[in-house]
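The values are calculated or read from the model by the stated rules, or taken from the named source; none is laboratory data. The structure presented is a predicted model; accordingly, all values stated were derived computationally and were not measured. Here the Cβ positions follow ideal geometry from the backbone for every residue, glycine too, while neighbour counts run over all protein chains shown.
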Amino acid sequence: MALALARSIEIIGEAGSRVSLQLRTSHPEVPWADIVGMSNRLVHAYFDVDLGLLCDTIAGDLPLLIVQLERILS
């Protein structure tokens, strides 16, 4: 389960890194650097992943990110 959650965050971060600079600049309310940074941390720090932080991010930050992205896409 933890591996699937980590992989999902990695994918979100990779997608975030591919968002154009123009879109990122026009939506500073989205924490683009944090999204990409967490993904990079998960990819490169295999044995140093804080599962509590990962779960907190998914439960606390991901719902807000979904709302923000839905607003941008609408």
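Miscellaneous remarks
- Residue within segment 39-54 that is of a type in the set (Val, Ile, Thr) and at pLDDT below 90 present: yes
- Among the residues of segment 36-54, those identified as over 12 Å from the mean Cα position of the chain (by Cα) and farther than 12 Å from residue 7 by Cβ are 44, 45, 46, 47, 48, 50, 51, 52, 53.
- Number of the exception - residue 15 against (1) among the hydrophobic types (A, V, I, L, M, F, W, C); (2) farther than 14 Å from residue 69 by Cα; (3) surrounded by 10 or more Cβ atoms within 10 Å (Cβ to Cβ): (2)
- Members of segment 50-59 that are closer than 15 Å to residue 8 by Cβ and surrounded by fewer than 14 Cβ atoms within 10 Å (Cβ to Cβ): 51, 53, 55, 56, 59
- Scanning segment 34-41 for any residue that is out of contact with any strand residue (DSSP E or B) (no Cβ under 6 Å at 6 or more places or on another chain), among the small types (Gly, Ala, Ser) and surrounded by 11 or more Cβ atoms within 10 Å (Cβ to Cβ) turns up at least one such residue.
- When 64, 73, 3, 23 are checked against the criterion of being of a type outside the set (S, T, N, Q), at pLDDT below 90 and loosely packed, with under 15 Cβ neighbours inside 10 Å, a single residue qualifies: 3.
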